[in-house]
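Engineer: Okay, handing you the structure first.
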Amino acid sequence: MNQYQLTIPGHVSAGENTILQLRNIIKSEEVTKVIIFTDAGVLGSGICQSIFEEVEKSGAKFHVISDLRPEPSTQDVMRAVEQINGAEGELVVAVGGGSVMDMAKLCAAMKGASYDIYDLLEDNSIMKKGLPTVMIPTTCGTGSESTFNAIVAVLEKSVKIGIVNKSMIADYVLLDGNMIRKLPPKIIASTGVDALTHVVECFTSNKANPFSDLFALEGTKLIFNNLVSAYKNPNDMEAKSNMLLAAFYGGVSISASGTTAVHALAYPLGGKYHIAHGISNAILFAPVMRANLEACGDRLALLEDAVNPNGYGRSQFEKGNEMIRRIEAVVKDTDIPSNLNEYGIGTEDIDALVEAAADCKRLLNNNCRNLTNEDIQKIYQEII
Ligand SMILES: NC(=O)c1ccc[n+]([C@@H]2O[C@H](COP(=O)([O-])OP(=O)(O)OC[C@H]3O[C@@H](n4cnc5c(N)ncnc54)[C@H](O)[C@@H]3O)[C@@H](O)[C@H]2O)c1
Ligand SMILES: [Zn+2]
């Protein structure tokens, strides 16, 4: 039997007002200075105020690094590392979506280090454990709070690349629904569908195993049962809390298994055309699963059984198809486009996209079906 591993953050708390635990974390870590990572959008939403208050109540001082940009590039990382090197602090707290959490994880491991981001791109394994981290997600998508990955855009190559090292696993995660209470519905939609791609890709991945299946299956149920309501009803706090949990499960399944061709084909759309991570995944999701259906119809059928236990008498192929139809419906019901029309990408761009996607072997190797360049081209053609 193949080996498989479960790597999860040290301490995870979920539920109402869990951010109040930050005070105890700071005390138990015996730190007196905290570095808080966030960005302008999160700061503007007002949710950081309660975090600042908690840190103050612990008696610790804090330094805020907030001029971070969404979907960080290597240059952004270099700038942020300069800032953290100039700041005093023994604990890093990230309050934000995947962009902020990825940056915080990288900077915590790079403060005072001899390697820079380009060294890490060359060889992830040189990274050492840095400052302890607390992740407080404010979107319901990436699961960065539960992975040991950080994704950076390498603008000169028009690609996004994952830095992967276990030392980046968070020490603490606080999942508090209040953090996404006022999250704009558009971001709930795109990040929520991103979380759905994580669980479905990890469940159909060549690396799927009992650990990842447990979280991916449960995450899939949570997302189908809660995403549309969290998107349409801003006050449905139960749906929102469930989405935070699902995104966390998605991250755990990524660490135990791995995403596949949806993410591989989406990265060039983010790297070159700056389409938001969740949107590019959502657009590619159903077309890639249709291309995969013959190879992983049985796995998609298991997901369909979990979401709809009343599908007696249907063949595996029918159930797999039904799961893909369900995915398309979620993308439609959350008003995410199903093609690239509005992004000005034309057939003349396909060759470069295929070349960049084919380069993302780390994820394509996880895909249940070996996709040739011709297969990848057909998928892009379908969404242009
Ligand atoms: N490390 C991983 O495992 C992993 C996995 C998938 C994706 N990612 C990366 O994560 C990044 C995307 O993260 P994301 O989708 O969470 O979005 P994001 O962090 O880029 O945030 C999107 C926007 O939402 C705003 N925002 C966030 N929370 C808010 C709130 N509560 N209220 C108001 N505005 C808020 C931000 O200011 C930003 O403008 C990409 O760079 C992607 O590659 C990382
Ligand atoms: Zn993703």
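The values are calculated or read from the model by the stated rules, or taken from the named source; none is laboratory data. Quick caveat, the model's predicted, so the values are computed rather than measured. Cβ sites come from the backbone with ideal geometry, for glycine too, and all protein chains shown count toward neighbours. Remember, those area values only see protein heavy atoms, side chains included, never the ligands or the DNA or RNA. Shrake-Rupley method; radii C 1.70, N 1.55, O 1.52, S 1.80 Å.
Engineer: Among the residues of the stretch 231-244, is there at least one that is within 16 Å of ligand 2 (Cβ to nearest atom), surrounded by fewer than 24 Cβ atoms within 10 Å (Cβ to Cβ), at pLDDT below 95 and not in a helix (DSSP H, G or I)?
Structural biologist: no
Engineer: Taking the criterion of being surrounded by fewer than 24 Cβ atoms within 10 Å (Cβ to Cβ) and either in a loop (DSSP other than H, G, I, E, B) or touching a residue at least 40 places away in the same chain (Cβ under 8 Å) (or both), would at least one residue in the stretch 260-270 satisfy it? Give the derivation first.
Structural biologist: Looking only at the stretch 260-270, we keep the residues that are surrounded by fewer than 24 Cβ atoms within 10 Å (Cβ to Cβ), and these are 270.
Subset that is either in a loop (DSSP other than H, G, I, E, B) or touching a residue at least 40 places away in the same chain (Cβ under 8 Å) (or both): 270.
Checked against the condition, which is being surrounded by fewer than 24 Cβ atoms within 10 Å (Cβ to Cβ) and either in a loop (DSSP other than H, G, I, E, B) or touching a residue at least 40 places away in the same chain (Cβ under 8 Å) (or both), the stretch 260-270 yields at least one hit.
Engineer: Still on this structure, please answer the following. Tell me, which residue of the stretch 136-149 that is part of a strand (DSSP E or B) and farther than 14 Å from residue 263 by Cα is nearest to ligand 1 (Cβ to nearest atom)?
Structural biologist: Narrowing the stretch 136-149 to residues part of a strand (DSSP E or B): 136-137, 149.
Narrowing the set further to residues that are farther than 14 Å from residue 263 by Cα leaves 136-137.
Details: 136: 10, 137: 7 Å.
Among those that are part of a strand (DSSP E or B) and farther than 14 Å from residue 263 by Cα, it is 137.
Engineer: Tell me, which residue of the stretch 44-55 that is part of a helix (DSSP H, G or I) and touching a strand residue (DSSP E or B) at 6+ places or on another chain (Cβ under 8 Å) is farthest from residue 96 (Cα to Cα)? Outline the logic, then answer.
Structural biologist: Taking the stretch 44-55 and keeping what is part of a helix (DSSP H, G or I), we get 44, 48-55.
Filter again for touching a strand residue (DSSP E or B) at 6+ places or on another chain (Cβ under 8 Å), leaving 48, 51-52, 55.
Numbers: 48: 9, 51: 12, 52: 14, 55: 16 Å.
Residue satisfying both the conditions and the ranking: 55.
Engineer: All but one of (1) among the hydrophobic types (A, V, I, L, M, F, W, C); (2) open to solvent by 10 Å² or more (accessible area, probe 1.4 Å); (3) within 13 Å of ligand 2 (Cβ to nearest atom) hold for residue 140; which doesn't?
Structural biologist: So residue 140 meets the others, but not (2).
Engineer: Now for a separate question. Within the stretch 86-102, can one find any residue that is more than 22 Å from residue 178 (Cβ to Cβ) and touching a Gly at 6+ places or on another chain (Cβ under 9 Å)? Walk me through it before giving the result.
Structural biologist: In the first step, residues of the stretch 86-102 are kept if they are more than 22 Å from residue 178 (Cβ to Cβ); the result is 86-90, 102.
Narrowing further to those that are touching a Gly at 6+ places or on another chain (Cβ under 9 Å): none.
Taking every residue of the stretch 86-102 in turn, none turns out to be more than 22 Å from residue 178 (Cβ to Cβ) and touching a Gly at 6+ places or on another chain (Cβ under 9 Å).
Engineer: Something else now. Confirm whether residue 276 is under 13 Å from the mean Cα position of the chain (by Cα), within 11 Å of ligand 2 (Cβ to nearest atom) and surrounded by fewer than 24 Cβ atoms within 10 Å (Cβ to Cβ).
Structural biologist: Working: under 13 Å from the mean Cα position of the chain (by Cα): yes; within 11 Å of ligand 2 (Cβ to nearest atom): yes; surrounded by fewer than 24 Cβ atoms within 10 Å (Cβ to Cβ): yes.
So residue 276 fits the description; yes.
Engineer: Sticking with this one: Test residue 174 against the stated conditions and say whether it is at pLDDT 95 or above and away from ligand 2 (no atom under 14 Å from the Cβ).
Structural biologist: On the way: at pLDDT 95 or above: yes; away from ligand 2 (no atom under 14 Å from the Cβ): yes.
Considered against the rule, which asks whether it is at pLDDT 95 or above and away from ligand 2 (no atom under 14 Å from the Cβ), residue 174 comes out as yes.
Engineer: Filter the stretch 146-170 down to the residues that are within 13 Å of ligand 2 (Cβ to nearest atom) and buried (at least 24 other Cβ atoms within 10 Å of the Cβ) and list them by number. First the steps, then the outcome.
Structural biologist: First, the residues of the stretch 146-170 that are within 13 Å of ligand 2 (Cβ to nearest atom): 146-147, 149-151, 160, 162.
Across the stretch 146-170, the qualifying residues are 146, 147, 150, 160.
Engineer: List the helices (runs of 4 or more DSSP H) that sit entirely inside the stretch 299-384 and contain at least 3 residues that are within 29 Å of residue 155 (Cβ to Cβ). Spell out the reasoning first.
Structural biologist: On the way: elements: 316-333, 350-358, 361-364, 373-383.
Helices (runs of 4 or more DSSP H) meeting the threshold: 350-358, 361-364, 373-383.
Engineer: Also: Mind listing whichever residues of the stretch 77-94 are within 14 Å of ligand 1 (Cβ to nearest atom) and over 19 Å from residue 278 (Cβ atoms)? Before you say what the answer is, go through the steps one by one.
Structural biologist: Let us first name the residues in the stretch 77-94 that are within 14 Å of ligand 1 (Cβ to nearest atom), namely 77, 80, 94.
The answer is 77, 80.
Engineer: Ok, one more. If only one of 211, 248 is in contact with a helix residue (DSSP H, G or I) (Cβ under 6 Å, 6 or more places away or on another chain), at pLDDT 95 or above and more than 15 Å from ligand 2 (Cβ to nearest atom), which one is it?
Structural biologist: 211
Engineer: For the stretch 187-214: of the residues being touching a residue at least 12 places away in the same chain (Cβ under 8 Å) and open to solvent by 40 Å² or more (accessible area, probe 1.4 Å), which is farthest from residue 302 (Cα to Cα)?
Structural biologist: 187
Engineer: For the structure I just gave you, tell me whether residue 254 is modelled with pLDDT of 95 or more, out of contact with any Phe, Trp or Tyr (no Cβ under 8 Å at 6 or more places or on another chain) and within 30 Å of residue 344 (Cα to Cα). Full working, then the answer.
Structural biologist: Details: modelled with pLDDT of 95 or more: yes; out of contact with any Phe, Trp or Tyr (no Cβ under 8 Å at 6 or more places or on another chain): yes; within 30 Å of residue 344 (Cα to Cα): no.
For residue 254, the condition - modelled with pLDDT of 95 or more, out of contact with any Phe, Trp or Tyr (no Cβ under 8 Å at 6 or more places or on another chain) and within 30 Å of residue 344 (Cα to Cα) - is not met.
Engineer: Before we move on, is residue 111 basic (Lys, Arg), open to solvent by 10 Å² or more (accessible area, probe 1.4 Å) and closer than 21 Å to residue 74 by Cβ?
Structural biologist: Numbers: basic (Lys, Arg): yes; open to solvent by 10 Å² or more (accessible area, probe 1.4 Å): yes; closer than 21 Å to residue 74 by Cβ: yes.
It is true that residue 111 is basic (Lys, Arg), open to solvent by 10 Å² or more (accessible area, probe 1.4 Å) and closer than 21 Å to residue 74 by Cβ.
Engineer: State yes or no: is residue 176 within 13 Å of ligand 1 (Cβ to nearest atom), in contact with a helix residue (DSSP H, G or I) (Cβ under 7 Å, 6 or more places away or on another chain), in the same structural domain as residue 349 (by TED's automatic domain parsing) and open to solvent by less than 10 Å² (accessible area, probe 1.4 Å)?
Structural biologist: no
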